[in-house]
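What follows is a single structure, written as structure tokens, with notes after it.
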Amino acid sequence: MHDRALMLVAQGITSVEEVDRVLSLDVPARPAASRPGTPRRRRILVTDDEPTTRMLVRLLLEREHFEVLEASSGDDGIARAIADRPDVVLMDLNMPGIDGFEAIRRLRRQVMFATLPIIVLTAEEGADVQRRVIELGADDYVVKPFQPADLVARVQAVFQRTAAVAA
């Protein structure tokens, strides 16, 4: 479904609104926090050179009440991470300039990002690729095309693990 949606939006056959409507059928939305004094929304940095992929992931995650930041390259992703301090990074591997492998390596070399959760979201698949990104310091690995509910569950699992460690 994800690949088809990307193709249809890129071809101008469907709209962002229609994709959002379809994705919303797959993943029930969580209610937004409404109590005074609730913590800020969790920030997720989506680093991918494909604008359509960034848009679809942003729509999906905003529907779950996350704040979504975007970067279009590894260099841009590192700069945004430094400037905006996200809670999680979703990182593609194949991008112009420095690729996702190098971006992960550079982020992990900085003390402030030593424990930043990084989820690789890529079309690259295979045991060698998965092993390499995990060795570089990624926390999870999702292959495109993905099911929207699966991506949301993995992001939520990262937040549950970080909350458990902080407690």
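For the pair Ala123 and Ala79, label points projected 7 Å from Cα toward Cβ lie 2.5 nm apart.
Arranged from fewest to most other beta-carbon atoms within 10 Å of their beta carbon, Val129, Val165 become Val165, Val129.
Other residues with beta-carbon under 11 Å from the beta-carbon of Asp87 carry, at +1 per Lys or Arg and -1 per Asp or Glu, a net charge of +3. What is the distance in Å between the Cα centroid of region 57-99 and that of region 104-163? So the separation of the two Cα centres works out to 12 Å. For region 128-144, backbone phi angles converted through the Karplus equation (6.51, -1.76, 1.60; θ = phi - 60°) give residue-by-residue couplings of 5, 5, 4, 4, 4, 5, 5, 5, 6, x, 5, 9, 7, 8, 10, 9, 7 Hz, Gly and Pro being listed as x.
Would you mind ranking Ile104, Ile98, Ile44 so that the residue whose beta carbon has the fewest other beta carbons within 10 Å leads the list?
Values: Ile104 28, Ile98 17, Ile44 25.
Starting with the residue having the fewest Cβ neighbours, the order is Ile98, Ile44, Ile104.
Each reported figure results from applying straightforward, stated rules to the coordinates on display, with no laboratory input. Only a predicted model underlies this, so the values are computations on that prediction, with no experimental measurement involved. When we count neighbours, we look across all protein chains shown, and the Cβ atoms used for this are built from the backbone with ideal geometry, even at glycine.
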